[in-house]
1. Among the listed residues 136, 106, 174, identify the single one that is in contact with a Ser or Thr (Cβ under 9 Å, 6 or more places away or on another chain) and modelled with pLDDT under 95.
2. Residue 132 - would you say it is closer than 21 Å to residue 166 by Cβ and not β-branched (Val, Ile, Thr)?
3. So is residue 85 among the basic types (Lys, Arg) and in contact (Cβ under 8 Å) with a residue 40 or more places away in the chain or not?
4. Go through (1) at pLDDT below 90; (2) within 27 Å of residue 65 (Cβ to Cβ); (3) surrounded by 12 or more Cβ atoms within 10 Å (Cβ to Cβ) and name the single condition residue 141 misses.
5. Please indicate, with yes or no, whether at least one residue in segment 131-150 is out of contact with any His (no Cβ under 7 Å at 6 or more places or on another chain), part of a strand (DSSP E or B) and under 25 Å from residue 182 (Cα atoms).
6. Go through segment 27-52 and report how many residues are over 26 Å from residue 71 (Cβ atoms) and surrounded by 15 or more Cβ atoms within 10 Å (Cβ to Cβ).
7. In the list 100, 80, 19, which residue meets the criterion of being among the small types (Gly, Ala, Ser) and modelled with pLDDT under 90?
8. For segment 9-17, does any single residue satisfy the condition of being touching a residue at least 24 places away in the same chain (Cβ under 8 Å), touching a Ser or Thr at 6+ places or on another chain (Cβ under 9 Å) and more than 30 Å from residue 115 (Cα to Cα)?
Amino acid sequence: MKSKIIEIDDVGQVLFERSRRAKRMNISVKPFKGVRVAVPYGVTLDKAVHFAQTRKSWILKHLKKMKKMEKEHNIFLKNSAEIDRGEARRKLVSRLDELSEKHGFRYNKVFLRNQKTRWGSCSSKDNINLNMKLVRLPEEMIDYVLLHELVHTRIKNHTKEFWRELDRFVVDARAKNERLKDYKIF
């Protein structure tokens with residue numbers, strides 16, 4: 001058996017796949033891909049199915065999260081197609097100006113881009129690049145990204161010093177940084 005899809009009650013289809021790299025059985029649940037069990041050589045399919053069945057509650061918990069992520073992704077894609085670049089620029093630059101004035105930051109230029117992997121960046125010349133899809137985030141997350149980039153005008157890396165400085169302007173910056181990962185750019 002290289003791979004086989006088996007229906008498990010309450011869970012649905014599960015892909016059981018042989019893996020030369022797996023040292024032990026491993027379950028993963030991924031958006032748009034579903035449930036996969038990596039099965040090391042030497043483990044029977046029956047043992048792998050039993051293993052998955054004993055982990056059913058864990059799988060169901062993670063399937064629920066994945067369904068939510070898939071739904072959010074689809075909504076985000078639908079909304080991304082409707083972004084007015086000019087309106088996004090006005091909103092983001094206006095807020096960036098408010099925050100930089102309030103907290104005493106200076107930046108050079110702002111560029112609005114339709115990026116696939118970053119919410120924002122700051123160059124060595126203090127030019128700030130912002131992803132136009134930021135306008136689809138909640139206000140507090142927009143402010144987090146803007147302040148993150150403004151702090152980079154002073155500190156060009158992600159050292160402890162950077163996070164301490166960011167914490168002066170953003171309550172629990174690291175937690176917001178983690179939350180930002182929940183919002184997929186795509």
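1. Checking each option against the conditions leaves just 136.
2. Taking the combined requirement at face value, the residue does not satisfy it.
3. yes
4. The one condition residue 141 does not meet is (1).
5. yes
6. Summing the residues that are over 26 Å from residue 71 (Cβ atoms) and surrounded by 15 or more Cβ atoms within 10 Å (Cβ to Cβ) in segment 27-52 gives 7.
7. None of the other options fit; the residue is 80.
8. yes
The values are calculated or read from the model by the stated rules, or taken from the named source; none is laboratory data. If you're wondering where the values come from, they're calculated on a predicted model, not measured in any experiment. Heads up, the Cβs are rebuilt from the backbone with ideal geometry, glycines too, and the neighbour counts pull from every protein chain shown.
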